[in-house]
Every structure is written in structure tokens, then in C-alpha cells.
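The values are calculated or read from the model by the stated rules, or taken from the named source; none is laboratory data. In this text the structure is predicted, and so the values were computed from the model without any measurement. Cβ coordinates were reconstructed from backbone atoms using ideal geometry, including for glycine residues, and neighbour counts include every protein chain displayed. Areas reflect the complete protein model, heavy atoms only, side chains present, ligands, DNA and RNA absent. Shrake-Rupley method; radii C 1.70, N 1.55, O 1.52, S 1.80 Å.
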Amino acid sequence: MGRAGVVLIVCLFTLPFLVFLFGGRAAAPAVWHNAAKLTATGRGMLNVSRPSATSGADELFGGLLAPGFDRRTCLSRYQSPHYYKHSPYAPSPHLLQKLRDYEARHRKCGPGTPLYAKSVDHLRSGSSSSTEDDECNYVVWIPYNGLGNRMLSLLSTFLYALLTGRVLLVQSTDDFTDLFCEPFPGGTWALPPDFPVADMSRLGARSNESYGNLLDDKKISNDLAKATAQSVPPYVYLHLAHDLRRSDRRFYCNDDQLVLAKVNWLLLQNDFYFVPALYDMAEFEGELRRLFPAMESVAHLLGRYLFHPSNSVWGMITRYYHSYLAQAEERIGVQIRMFSWASIPVDDMYDQIMACSRQEHILPDVDGDEANTTSAAANGSSKSKAILIASLRAEYYERIKSTYYEHAAEGGGGVGVFQPSHEEKQTMGQRSHNQKALAEIYLLSFSDVLLTTGISTFGYMSSSLAGLRPTMLMIAKDHKVPETPCVRAMSMEPCFHMTPDVKCHGKEVNKEELSRHVKECEDVPKGMKWIKGIKLVD
């Protein structure tokens, strides 16, 4: 092979270990590009050691996913099970049947089918039309706010479609395209561009078409005796976002759900996880318990079913993983989000992270006795660890990396610290920003241990996909570091950020009962469980 060939092979095998030991972060585009070059140069040899990519993984997640997809069109669908290390809940037989029934309904009623064309013609005519006239019924999801909000909202809307026998369609926006593969076999979830309701981005809390305003203007009745096939409008807009008004909250009343069931087309806009509220409706509660015997498994199972990164995003994920993380025996994910309404100085936030780490034993402790650590490393008695930092800012990465450069980890063992990108601020409406955010959500979800930021939808989505109950950093109060730096989450379910706060036919929704049912937010202190009037844009 020659001396040059031998030198090349030695360099290729040495390079990933150097990267691991010295950490990695660069400007956002460069780091993904460098990871791509590193993998390409190795001609596949970097993939020889893949501690968490197990060959015996169940590619269909216990039947959660339907077989028969073309692997080339969506690599993540079949490859992601090889990267996850935790799957604490198997899907129930009832959920599997419900998903197969939904997929059949989507093939029959989705865009491009005669039944879809018939329903659209009804809508285009503008006349009153109900589900009694149409074989297929729909809920159209309108993207809103940041990526974490969108994923949790879309997941909640899909569950609502399952419960109500509707077909889920997604309004395509430029910043949401090329993020995910089509999830349903034999049909698309993308709403065609010629949909009769034009400019859906204009819809909001004050729109005439919103359910709340239709009720206030007496254009629809939530009296079941008066809500007939002829009285309901051709479509109803459901405004369930953070700024919803009291009349919009009627969506969470059981009788109002029976009225909405008569409407052929529902258009829904939301920016948080509203699954917990569905448990409080008699119409849905029994079915939810059959679908999810373990209540904390909803986002975990539906997230793994619904979300599959597109090939372009999956390439970013796997290139980075194999270049920087695969060699570690343990991966620790740290997600840090600073909210403007709860901001504290960087120094204080860093101190809070380290105090939490000491309290919960998350990051490796450092040891001032170099002789001890050198001896332990020589004996091979300690694990190598990779710490993945996901944050808009670079300061936390720099400080944590410096800690393990200047001090050895207690017990020895290599510690690598990595940050794929640092965008500095969240950018709405930009596809490349969303692609990098999605890549980091998935890289975090491949962790063995997770430290996330409380109230952050980005963190919620990562831990739900991972199947982990994370440790959560507490949010500052009055811009001061909280006395308790963090808590162990009691559930991997995302928190419900908005109480229904509505009286249904004179009876107020029972908040305490709702919280007990779904362990809605036990990882957040009392007083922060129901957060109103805050624009959550993670």
C-alpha cells in the first residue's frame, strides 16, 4: 500500500479522537460543512465505531411506523431508531390500530383524491356545509411561532385529528418546507396552494371567522339543539394561540366539541401543547386512556411517529453526530434558553448551570489531582463523555469547554464539549435557521442525559423524542437567579402553558383535576403552572 497510504489511514483514524478531545464549534454554516468534509474524507471509516447506533434496533418502533416507504426518500424514518437509546413505552394495540385506520383515511381523503375535490368544491361554494354532507372531514394546521412551538402544536393537532376522525393537512410556508418527510404512506399532508381560503396568515384572534367571534356574533350556536347541518358555516377558524380570547376558549368545552364536529373544515392556529386539555373533555377522555395507558407517553410516541427529518436535515444530523459525538461512551445534552422576560446576566446563568450540575450530578466533576486522573485514564476505568450544548449564544459553550481544558475530569476519561451553532437570536421565517434548530433538537434527543430549560418548547421536544425525563433549569423570577437552580422532571410530557380558564355551561374547567390527570407541569413550581399573556417563541 505504500508509506503514504499508511500515513493517510493513521491520520484518518486519529482525526476524530483529536476532534473529540478538543471540542468543536464554529460559525453555524461552517460547522455543518466541516462535519460533512470530515465524514467524506474518511470514506465511511468514521462510522466504524457507533456506540449508540445499534444494529438490532427496531426500525418500526414496535409497529408504530407503517412499513412500505421508499427508504431513499426519507432516510431518517428507518435510520433514526438506530440512534435513540431510550424507548420506555411501547405503543398500545389500540394506538397502532388507530394509526393504521388514520393512514387509510388519509389515502382516501387526502389531496388529489375525488373526495378531497368534493369537499373543496363545497367549501368554494361558500354555502353552509356540514360533515353530514361530506364523507371526509379536515383540520388544517397553520404554522405559527418558533420551531419548538410548531412541533408541539402540530403534534397536538394530529392527536385532535385522530380523536375526531379528521384528516390533518398542513399549510405549507417557505420556512416549514424541507424540514420533515411526509409522515403518512400513500398521501401528502401538504395543503395544495389553490385551497379556497386565501391568505390564512391574516387569521387571528379578531378574525370574523374565529369560533369565538362566530359565537359572539350569533353566527353559530353552541346549543346542540340549534346547531344543525344547515346552520354551521362552511369552515370555522380555531384560534388557540397564546393570545386567545375568552370566547375562543369554548373550544375546550365538551358540548362545543359536539357542535364543531358538524363542521366540515376546521382551520387551527396554536403555538403550544394543548393535549392536556383534551383529557378534561368527556368526549375524548376514555379514548385517550385506551390509546395511551401511560399518560406521559403521548408526545413521545406521536413525536416519533409524526416527525422524520428531511434528507437534507438528516444529513446535517448524522454528519455532525459521527464526526463529533459517536466516539463517546456517554452523551450529555445541555439546552440553554434565555427568555427576555426572565433574563439574567450570562455569569449568573453559567453559575446556575454549574450549580444544577453539582446538585444533580450531570456534568463530570473536575479533579485538581492530575496524578489521580492520569492513573485512572491509564487503567481505562472511566467513560469518555461528550457534552452537546444547544444555545443561541456561545458563551456557555466557551466556559464549559474551558473548564475541561483547564481541569481534568474526576476519575479520568476524555470529555469533549461541542456546540453545532450559535445563532445569537431566534430568526422567524427563515428556513435555514429552522433546519439547524431541528438538527439540534434531534442531536439532543440522542443523549443519555438531558439538562433543558424549563418552559422551553425546544427542550420539551428534545426530551419527548429522547424518551427521557430531563433535569430542568428553573426560570428566573424578577430577573434574579432562582434559589433552586433546577428540578428533576416528573414526566417527559411537555407542560401545558395555557389554562382553558373557561366555564362550560356554567361549570368551570377543573384545573386541579386537569393537572392531576396528566401531570401537566409538575416540574415547574406552583404559581408557574399556568402561564398567561406570555408570548412563548422558542
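Within segment 317-330, is there a residue that is surrounded by fewer than 16 Cβ atoms within 10 Å (Cβ to Cβ) and either modelled with pLDDT under 95 or touching a His at 6+ places or on another chain (Cβ under 7 Å) (or both)? Yes, because at least one residue in segment 317-330 is surrounded by fewer than 16 Cβ atoms within 10 Å (Cβ to Cβ) and either modelled with pLDDT under 95 or touching a His at 6+ places or on another chain (Cβ under 7 Å) (or both).
Taking each residue of segment 70-92 that is free of Cβ contacts under 8 Å to residues at least 40 places away in the same chain and under 16 Å from S310 (Cα atoms) and looking for partners that are hydrophobic (A, V, I, L, M, F, W, C) and surrounded by fewer than 16 Cβ atoms within 10 Å (Cβ to Cβ) with beta-carbon atoms closer than 8 Å, six or more apart or interchain, yields P81/L60.
All of (1) more than 19 Å from S153 (Cβ to Cβ); (2) basic (K, R); (3) outside the structural domain of F180 (by the TED database) hold for R290 with one exception: (3).
A quick yes/no check of all residues on (1) of a type in the set (A, V, I, L, M, F, W, C); (2) farther than 23 Å from Y116 by Cα:
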| position | (1), (2) |
| --- | --- |
| V167 | yes, no |
| V170 | yes, no |
| L179 | yes, yes |
| P185 | no, no |
| P193 | no, no |
| G204 | no, yes |
| E209 | no, no |
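In the set V334, V275, V259, V346, only one residue is aliphatic (A, V, I, L, M), over 22 Å from G165 (Cα atoms) and crowded, with 22+ Cβ neighbours inside 10 Å; that residue is V334.
Going through (1) at pLDDT 95 or above; (2) within 18 Å of the chain's Cα centre (by Cα) one by one, M295 falls short only on (1).
Of the residues in segment 143-160, at least one is touching a strand residue (DSSP E or B) at 6+ places or on another chain (Cβ under 9 Å), farther than 24 Å from L64 by Cα and assigned by the TED database to the domain that holds A277. Could you go through segment 294-314 and let me know if any residue there is of a type outside the set (G, A, S), farther than 28 Å from L465 by Cβ and not in a loop (DSSP other than H, G, I, E, B). Within segment 294-314, none of the residues are of a type outside the set (G, A, S), farther than 28 Å from L465 by Cβ and not in a loop (DSSP other than H, G, I, E, B). Which ranges mark the helices (runs of 4 or more DSSP H) fully within segment 60-143 that have 1 or more residues being touching a Ser or Thr at 6+ places or on another chain (Cβ under 6 Å) and open to solvent by 10 Å² or more (accessible area, probe 1.4 Å)? Helices (runs of 4 or more DSSP H) meeting the threshold: 114-125. So is D101 modelled with pLDDT of 90 or more and acidic (D, E) or not? In short, yes. Of all residues in segment 352-410, those satisfying the criterion of being at pLDDT 85 or above, within 30 Å of the chain's Cα centre (by Cα) and assigned to a loop (DSSP other than H, G, I, E, B) are H361, I362, L363, P364, S384, L392, R393, A394.
Per-residue answers, yes or no, for (1) touching a His at 6+ places or on another chain (Cβ under 6 Å); (2) surrounded by fewer than 14 Cβ atoms within 10 Å (Cβ to Cβ); (3) in a loop (DSSP other than H, G, I, E, B):
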position	(1), (2), (3)
N145	no, no, yes
A161	no, no, no
L168	no, no, no
P183	no, no, yes
N213	no, no, no
K218	no, yes, yes
N222	no, no, yes
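For segment 197-209, the set of residues classified as open to solvent by 30 Å² or more (accessible area, probe 1.4 Å) and out of contact with any Asp or Glu (no Cβ under 9 Å at 6 or more places or on another chain) consists of A198, D199, S201, R202, R206, E209, listed by residue number.
Residues are listed down the side, and each one gets a yes or a no for (1) touching a residue at least 40 places away in the same chain (Cβ under 8 Å); (2) closer than 26 Å to R289 by Cα:
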| site | (1), (2) |
| --- | --- |
| R124 | yes, no |
| E135 | no, no |
| V140 | yes, yes |
| S153 | yes, yes |
| L162 | yes, yes |
| R166 | yes, yes |
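Taken over segment 471-505, the criterion of being open to solvent by less than 20 Å² (accessible area, probe 1.4 Å) and without any contact (Cβ under 8 Å) to a residue 40 or more places away in the chain is satisfied by A489, T499.
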